[in-house]
Structures are given as structure tokens and as C-alpha cells.
Amino acid sequence: MSNDIDNDDSPREQGADVSEADGADEADGSGGVEEIEDVEDVEDGGSDGTVGIPTDGQFGPEPADGDDGNANVPAGRGEADIDDLGSSVEVSAPVADEVDEDDLLGGLRIDSTEEIEVPERLVDQVIGQEHARDVIMKAAKQRRHVMMIGSPGTGKSMLAKAMSELLPKEELQDVLVYHNPDDGNNPKVRTVPAGKGEQIVEAHKEEARKRNQMRSFLMWIIIAIVLGYSLIIARQVLLGILAAGIIYLAFRYGSRSSDSMIPNLIVNNADTKTAPFEDATGAHAGALLGDVRHDPFQSGGMETPSHDRVEPGAIHKANKGVLFVDEINTLDIRSQQHLMTAIQEGEFSITGQSERSSGAMVQTEPVPTDFVMVAAGNLDAMENMHPALRSRIKGYGYEVYMDDTIEDSPEMRRKYTRFIAQEVEKDGRLPHFTADAVEEVILEARRRAGRKGHLTLELRNLGGLVRVAGDMARAEDAAFTTRDHVLQAKGRSRSIEQQLADDYIQRRKDYELSVSDGYVVGRVNGLAVMGEDSGIVMPVMAEVTPSQGAGEVIATGKLQDIAEEAVQNVSAIIKKFSGENISDKDVHIQFVQSYEGVQGDSASVTVATAVISALEGVGVDQSLAMTGSLSVRGDVLPVGGVTHKIEAAAKTGMDRVIIPKANMQDVMIEEEYEDMIEIIPVEHISEVLDVALEGEPEKDSLVDRLKSITGSALEGGVKGPSSPSPQ
């Protein structure tokens, strides 16, 4: 196939003008098919009253300017400039003249979300993702492909749907498949302006119906003559009945061939008012690329014509529109290769996808696939994506990374208020939210962002909270959803990880595995994150023993690569810190009951404290929990999930928690935990030991020695990098 798909033999060129016409009227002499003015321009009508089969060159030119091929372009799509759409649309509600930066509603003067008007167009409902929105608008203008990578629930599918509203005006097309009398396994394909396909099929059906009526009338006349002759003249009743049966079967067999002339309308855009949008996420080969159904009766006059068994794929239905494929890496390599061909050529033949099916012998002429592709996925999507397909998208389009958070501002808070109104309107069954309920949702958006001064953009999960709160209000027959409903929903809508973490904490209390008072040598309460939104307390124990050979550091607890490397980094500090030779000692480190394994390096500070405690025989405060990454010079670096870790420490009964000083801006714990736990920010391992270890003389000596050895004292020491580390 050639890249130039507008040549004379291509399906697009075969999209003939069907607006003229009198062939159907001439065919049957009755003028009965009035919907089509000229079938002769569509297919060659024979003088015997049959509608002929289209052949190359018979389809005529493309519709001229002003023809009704544009009738299906929706009115109003060009009413607003594309640059005025999307996130720039302001919230239609009263706003205070002077907006307080601390106002959770961003200055909105409303009593409930009922007062906020929800935009009709999907693109106007986009919240945040300013960069992605700009890229989508540019891509829509120029019909470019787009790949969006980001966390689930950040708006990838919504932007893809919005793109179908932004595409330039196009002539939508219907696609028909015809029987090929020269080769039944190579059906012919033609395209016509949207809406004409149904008319053509109806014209063929009407013509076939009239032919069948004529044939039936002729059949019954012949049967009557045969029966009359056999009964009256020949006086052979059985012979007459047998002859009549043969005549009946012969005529019925002939009518099947007449019905096979009716084309198969595989793509019908008669009622489509915007550019098509096809979601092919997780589609198998047949659903994506098209298929030909298997026919168990392949001979004897009982077979189904091959063109009637052709089924379009998502790439064909998306012609002149948008094809959206989320989790693009889940498509098998063969499907990705074919998808790349469809993008490159702008057309793709339909054939049977199963080698064991009779449809595998059928291959149609190329069917148009002039779509804009929007691929999406998480970060791992690029690993299993076909390099050539990604190159095709990147070379002729854009790659976008979706933001997880957005800067908190009065304008964004107003848009989050509109987001809640949108969710209520979309659901259609939820009571609207009061102003204080909206404020509580925005506070939760801040908390879920995990960054000071930001709001989360994982709006699908936040929308789940809105729906649960609305369900609770509806269950009470409340007129509005209030703050109390939102607070209840936060407890009811906990993730599986949060529920497991709470159960984990309770079980440890029941079996007294969590120690929250006194001092213990070599035992430290570490903190970890389970999933994305829950924390747990994970004790770390250390023991120093004589070695049977060369000394080594042994860590157990299903440590992943990064966690193992973190332990090695900690061992560097231990070796440098210890005043004695530890080459003949083994250092054992145990992550207690870490059944799911340990990832990341946020336990570095915990491990270092446990080992130093074991080496020196100094107890560690068990009412204290800690988290933080550690550099080889002893600097405490920021980690993720500090809010959830602090809350887990409070639930377990800890009095104090140590976190990296750089993470203080990320702390947004619930009000109920603020008075339950003291947060201690630190910058260096010496500060950790100063807080965690028991006994003043011994501890002061240890801390002073560590400061002098690492060369990074509390006062004016060299600070490590502040980039966040994995959790």
C-alpha cells in the first residue's frame, strides 16, 4: 500500500457522489425507491432490472463543495475559538472582589454547588492539566497523534474524549462492503457521505424485495401449471408434487443469490453529530482491527456471502475521529504492528483474525482508517510498547506527562468546586454539596496531594469520595450533602490498603508486637507506606555477633533492590562511626514481619539507629517512630508518604515521630491526630540519635563522636541533596 491513500483506487476516492440518480427508478419501472435520486451513480444498473455490482472506476468523484456531505457536521462546533475552551473557562458563580488566600472556596459566594453552572462541552470541564490541555488543543487543530503518560485517574480518557469535540470539521463517511462476483473472498469496499449508506442499503433491499416478488409470482404460476398438467393430463400425482418441490427449491436457491447482492453497511455515521470517538482499551485483535465471522456452511447454497460476515474494527469506526487506547502496552506486538500500519497508510483491510476460521480466507479491499490516535498509560506503558509505534506517534504528534498535583490557588479552588458540581450532575442522583462540604473535599484534595501548597489531580479517586458522601446524604433523604456526610465518607471510602493497614495495626496491638514505651537495645519503630494512601509501623531490629569468617551485614525481610542498597549505604556510616574493628563481626538486620517485602530507602535512618544502638548497647526510645533516607555522609533526606506514616504512628500509640526536615512542608495530617503525636524534624543522623537514644553521658559521647567522624555537624554542616527519594 502506498502512503498516498487519495489515489484513484483508494476507498477515499471511491466515496462517490450519490446525490444524483434515477437508475433505481429505471430498474424497476415503478419509481418506488424515492430516497435515492440516482443509484446508477452508485452502482451500474442493468437493463434486466437488477442492481449491478460496483467495479473499479464506477464510483465517481468526491462530493463537490456545498454538497450534503457536510450535513452531518454538528452545528455550533465552530461557535467558540478553540483557545477559549477547556480549563480557561471560569466558574459561573459570584466571586468576592477581594479574595482571601486562605478562603477554601476561592472567593466564591455560594450556599451550595447547585448555584454553579456546569459547562455542556466536555472540554470545558477539564480541571488542571494545563500543559496537557494545550497540547490536546494543538493536536486537535493539526490532527496530530498524542501519547499521554501518567497516574490513573488524572484525566487521560477525559482529554481524549474532549479531543473529539475539538477536531476540525470533517466529512464523516459511511462504509459499505459489496459482494465481489470475480472473487468472493475479496469483497469490494466503498465510502459514501454519512447518511447515504442507509439509503443505499434500503434501495438494494427494496430492489431485492421486488425481484423476489416477481420471482415468487413466476414460481407459483409454473408450479400451478406443472401440478395442473400432472393431475389433469398426465394423471401422475406423485410426479407432479415432486416436480413442484424441485421448482420451489430451485427458485428459493435463486433468491439467496439475489439477497447476497445487498451491501453490508459496516460503518454507519448517519446519526453521528461529532467526530467519532472509539475506546479500544484492552481490545483483542478482532475488535481493534476488524474480523470476518466464521461460516460453518461453506457450500451447498447455504453459505453466507463473505461480505455479509465482515465486521469493522475500532480503527475503522474511528475514521475521521479519535481512537483512544489506554494501557497501550497491553496490546500484543502483532496488534501494535498492524495499528502502526493503519496510522501510516490511512487504510487497512479487514480479514479473519483466527487461522482456523473460514474468515481467514477473506480479505476486503482497504477500508479507511484516517483517525487521530490518543495512546495512554502509566509509566510502565512505554516499556512494552512497540518502538516503531511510539516513534510514529512521537514523530507525527506529541508526548505528554500528566501532572499528579497542581499548585493550590483561589482560582483552582473555584474550579474544584465546579468539579464537585460536575460530579453531582453526572451522577444525577446525588444531592448538591453545601459550602462547608465543598471546603472539606478541598481539604482532602490538599491532603491527598502530599505536597504543601498543592491539590491532587487524581480526580477519579476524589470523585469517589464525592459519590460516597452523596450516597450517605441520599440514604438519609437529606436535601444537601453536608460536611458531616463528607467526614463519614472519608471513613467509609477507605482504600483496601488503608483497611489492611488499620487491621494490621490492631492485630499487632492484640499480640503486643508493637512496643510503645520504655527503651530497648537494637530495636527501632520504623514507618512504611502500604499502597499509596496508608501507613504502618514496621519495627527494625539489629544484632551484632562474632563472625565465623569475614564480617558482613545481613539483612532479612524480603528487601527489594533499593532497600538492599540503602542497607549497604548505612553500613558505610557504621564502619566509619565505630571506634572498634568490626571486620570480625556480623551485623544482622531484621525487618520484623515484613511479609510483603520492603521497597525504597525510607528505612535508612531506622536501620542506622538500630545498628548503632546494638553496637554501643544503648537503648532506643520505644515511644518514638522514625522515617527518612540517609546519605553516606549522615544527612537525612526527604521521603514520600510522611502524612500517612505520621498518622500510622499516632494510631499505634507513639508519642513522637522523627521525619526529615525537608518533609515538614508535606505534612497534612487529620485534625484528630494533631494532639496525639509530636513531630520532630531532623537534618542529620546525629540529631536522630540525640532524640532516640537513652542516657545522657553515653548518648552525648556517641553523638559528638559521630559528628566529628562524618564531618557534618548540626551547626553549619554540609547538607545533602533535597530531592525526594522513593518511599
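Highest mean packing comes first when the peptides 147-159, 421-433, 520-532 are listed by Cβ atoms within 10 Å, giving 520-532, 147-159, 421-433. When the listed pairs Lys156/Lys273; Lys317/Lys394; Lys156/Lys651; Lys188/Lys394; Lys188/Lys317 are checked against a 28 Å cut-off, the alpha-carbon distance exceeds it for Lys156/Lys651; Lys188/Lys394. In terms of packing, defined here as the mean over residues of other Cβ atoms within 10 angstrom, the peptides 458-468, 602-612 line up highest first as 602-612, 458-468. Once you divide the Cα radius of gyration of the range 165-295 by 2.2 N^0.38 Å, the number left is 1.63. Overall, the ratio between the Cα radius of gyration of the range 329-372 and 2.2 N^0.38 Å, rounded to two decimals, is 1.25.
If you take all other residues with their beta carbon under 11 Å from the beta carbon of Glu120, and give Lys and Arg +1 and Asp and Glu -1, the sum is -3. Would you work out if the range 173-218 is rounded, prolate or oblate? Take a ≥ b ≥ c from the square roots of the eigenvalues of the alpha-carbon gyration tensor; rounded if a/c is under 1.5, else prolate when a/b is larger than b/c, oblate otherwise. Judged from the Cα gyration tensor, the range 173-218 comes out oblate (a/c at least 1.5, b/c at or above a/b).
Averaging 1/r over every pair of different alpha carbons in the range 404-456 and inverting the result gives a Kirkwood radius of 11.5 Å. In the range 333-470, one over the average inverse separation of all distinct C-alpha pairs is 19.0 Å, which is the Kirkwood hydrodynamic radius. Surface calculation, 1.4 Å probe, protein heavy atoms: Thr304 sits at approximately 50 Å² accessible. Taking Cβ atoms as reference points and 10 Å as the exclusive limit, the residues near Ile393 contribute a net charge of +3, counting Lys and Arg as +1 and Asp and Glu as -1.
The values are calculated or read from the model by the stated rules, or taken from the named source; none is laboratory data. Everything numeric in this text was worked out from a predicted model, so none of it was measured. For neighbour counting, all protein chains shown are included, and Cβ atoms are generated from backbone atoms with ideal geometry for every residue, glycine included. The accessibility values were calculated without ligands, DNA or RNA, using every heavy atom of the protein model including side chains. Shrake-Rupley method; radii C 1.70, N 1.55, O 1.52, S 1.80 Å.
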